[in-house]
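J.: What follows is a single structure, and I will ask about it in a moment.
The values are calculated or read from the model by the stated rules, or taken from the named source; none is laboratory data. Since we're looking at a predicted model, the values are computed, not measured. Backbone-built Cβ (ideal geometry, glycine too); neighbour counts: all protein chains shown.
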Amino acid sequence: MRDPYNVLSVARDASDGEVKKAYHRLAKELHPDLNPDDTVVAERFKEVSAAYSLLGDPATRKRFDNGEIGADGQEKARYSYEYAGGRGGPGGGFGRGPNGGAGFNADDIFGEFFSNMRGGRAGQARQQKGPDRSYKITVEFLDAAKGSTRRITLPDGRMLDIRIPAGIEDGKQIRLRGQGDPGPAGAGDALVEVSVHGHQQFRREGMDVHLDLPLQLADAVLGARIEVPTIRGSVSITIPKGTNSGKVLRLKGKGIKLPKTEQAGNQYVHLQVTLPEQPDPELTALLEEWAKGQGDTGDDVETDDD
């Protein structure tokens with residue numbers, strides 16, 4: 001793997017901001033969405049992402065600069081040969097053995113060698129995963145209420161289907177493990193923020209769904225059997241005689257249902273009695289006759305001017 005500084009075209013003493021700026025410029029230029037079906041650009045994009053996973057994190061970058069990890073993010077083998085009597089200088093080097101002769105302590109060498117082997121897995125566990133990657137998607141109200149699947153394009157060009165769980169709320173986040181940028185100890189996660197688009201008829205309040213339903217005057221006065229939309233299809237309900245505007249009917253269990261549970265909200269239907277858009281002469285005459293029969297129910301009110 002090439003030197004990550006060369007991949008991102010930055011100097012070794014570049015600031016963190018310069019590294020980030022170089023990565024974003026290259027990622028935008030090489031993104032698979034802008035270069036469909038170009039395998040060369042796709043490989044270059046993956047190389048740039050891997051380079052940034054090393055240099056984008058200050059701790060990982062420092063370890064690379066110190067030679068502790070390679071350009072591929074893997075640990076480099078380190079063997080430290082310890083000699084009895086110290087390292088170099090007067091009296092250093094091989095030193096003196098128990099009998100005064102020149103020699104070295106093999107236990108020091110092989111002890112550290114096997115210690116490195118034993119600590120290999122622990123060292124690997126301490127390595128950092130790659131950076132997480134954030135996405136934003138917008139789903140329709142009914143898709144969020146009932147659950148659905150959306151497809152996104154990852155930075156390496158792969159297409160990924162995201163399962164939208166039923167009942168997800170606006171602003172919630174879905175975590176896709178291992179779908180972020182690559183790193184020494186594996187890829188980070190993809191964090192997908194879900195925005196729920198509003199609906200013309202339905203509105204959500206917690207687990208409940210509310211609906212404003214226009215009602216014809218005749219149905220309100222005489223009663224009727226009408227179809228009412230819900231998030232899972234239409235149902236038939238009975239409108240009682242003499243229903244007024246503002247009356248609310250509850251449809252039990254017709255609200256939001258969470259997956260793998262029996263918990264479900266309700267749907268509340270807010271009835272709104274409406275008159276015809278165009279005046280109806282027969283209806284007008286009928287109401288005028290009806291009004292005459294009601295008489296004057298008000299009381300005369302006298303005022304005292306004194």
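J.: Wholly within segment 157-233, which strands (runs of 3 or more DSSP E) include no fewer than the required count, namely at least 2 residues that are in the same structural domain as THR243 (by TED's automatic domain parsing) and among the acidic types (Asp, Glu)?
T.: On the way: elements: 159-164, 173-176, 190-196, 202-205, 208-216, 224-230.
Counting at least 2 such residues, we get 208-216.
J.: Which residue is modelled with the highest pLDDT, if the candidates are limited to segment 111-144 and must be among the acidic types (Asp, Glu) and either assigned to a loop (DSSP other than H, G, I, E, B) or touching an Asp or Glu at 6+ places or on another chain (Cβ under 6 Å) (or both)?
T.: The first filter runs over segment 111-144 and keeps only residues among the acidic types (Asp, Glu), leaving 112, 132, 140, 143.
Subset that is either assigned to a loop (DSSP other than H, G, I, E, B) or touching an Asp or Glu at 6+ places or on another chain (Cβ under 6 Å) (or both): 132, 140.
Values: ASP132: 88, GLU140: 94.
By that ranking, first place goes to GLU140.
J.: Quick one: PHE64 ticks every box in (1) surrounded by fewer than 17 Cβ atoms within 10 Å (Cβ to Cβ); (2) at pLDDT 80 or above; (3) not basic (Lys, Arg) except a single one, so which number is it?
T.: Here PHE64 meets the rest and fails (1).
J.: Are any residues in segment 240-289 surrounded by fewer than 12 Cβ atoms within 10 Å (Cβ to Cβ), outside any loop (DSSP other than H, G, I, E, B) and without any contact (Cβ under 8 Å) to a residue 12 or more places away in the chain, and if so, which ones?
T.: Within segment 240-289, PRO281, GLU282, THR284, ALA285, LEU286, GLU288, GLU289 qualify.
J.: Within the bounds of segment 145-153, is there any residue that is β-branched (Val, Ile, Thr), part of a strand (DSSP E or B), free of Cβ contacts under 8 Å to residues at least 40 places away in the same chain and closer than 30 Å to PRO229 by Cα?
T.: Looking only at segment 145-153, we keep the residues that are β-branched (Val, Ile, Thr), and these are 149, 152-153.
Now drop any that are not part of a strand (DSSP E or B), which leaves 149, 152-153.
If we keep only those that are free of Cβ contacts under 8 Å to residues at least 40 places away in the same chain as well, we get 149.
Keeping just the survivors that are closer than 30 Å to PRO229 by Cα gives 149.
Within segment 145-153, one or more residues are β-branched (Val, Ile, Thr), part of a strand (DSSP E or B), free of Cβ contacts under 8 Å to residues at least 40 places away in the same chain and closer than 30 Å to PRO229 by Cα.
J.: Could you grab me the full set of residues in segment 29-74 that are more than 18 Å from LYS129 (Cβ to Cβ), in a loop (DSSP other than H, G, I, E, B) and in contact (Cβ under 8 Å) with a residue 60 or more places away in the chain?
T.: HIS31, PRO32, ASP33
J.: Please verify whether SER245 is among the hydroxyl-bearing types (Ser, Thr, Tyr) and touching a Lys or Arg at 6+ places or on another chain (Cβ under 8 Å), treating the condition exactly as stated.
T.: Working: among the hydroxyl-bearing types (Ser, Thr, Tyr): yes; touching a Lys or Arg at 6+ places or on another chain (Cβ under 8 Å): no.
No; evaluated as a whole, the condition is false for this residue.
J.: Right, something else. For segment 26-62, enumerate the residues that are β-branched (Val, Ile, Thr) and either touching a helix residue (DSSP H, G or I) at 6+ places or on another chain (Cβ under 7 Å) or closer than 16 Å to GLY183 by Cα (or both). Working first, answer last.
T.: Within segment 26-62, the first condition is being β-branched (Val, Ile, Thr), and the residues that meet it are 39-41, 48, 60.
If the condition is that a residue be β-branched (Val, Ile, Thr) and either touching a helix residue (DSSP H, G or I) at 6+ places or on another chain (Cβ under 7 Å) or closer than 16 Å to GLY183 by Cα (or both), then VAL41, VAL48, THR60 are the ones that fit.
J.: A further question on this structure: Counting only residues that are surrounded by 14 or more Cβ atoms within 10 Å (Cβ to Cβ) and touching a helix residue (DSSP H, G or I) at 6+ places or on another chain (Cβ under 9 Å), which one in segment 186-202 is farthest from GLY73 (Cα to Cα)?
T.: We begin by selecting, within segment 186-202, every residue surrounded by 14 or more Cβ atoms within 10 Å (Cβ to Cβ); these are 186-194, 196, 199, 202.
Remaining after also requiring touching a helix residue (DSSP H, G or I) at 6+ places or on another chain (Cβ under 9 Å): 187-188, 194, 196, 199, 202.
Working: ALA187: 12, GLY188: 14, VAL194: 33, VAL196: 39, HIS199: 48, PHE202: 51 Å.
Checked segment 186-202; the qualifying residue farthest from GLY73 (Cα to Cα) is PHE202.
J.: Among all residue pairs at least 6 apart or on different chains, which show Cβ distances below 9 Å where the first residue, located in segment 180-203, is in contact (Cβ under 8 Å) with a residue 60 or more places away in the chain and more than 22 Å from ILE162 (Cα to Cα) and the second is surrounded by fewer than 16 Cβ atoms within 10 Å (Cβ to Cβ) and of a type in the set (A, V, I, L, M)?
T.: Qualifying pairs under 9 Å: ALA185/ALA125; PHE202/LEU142.
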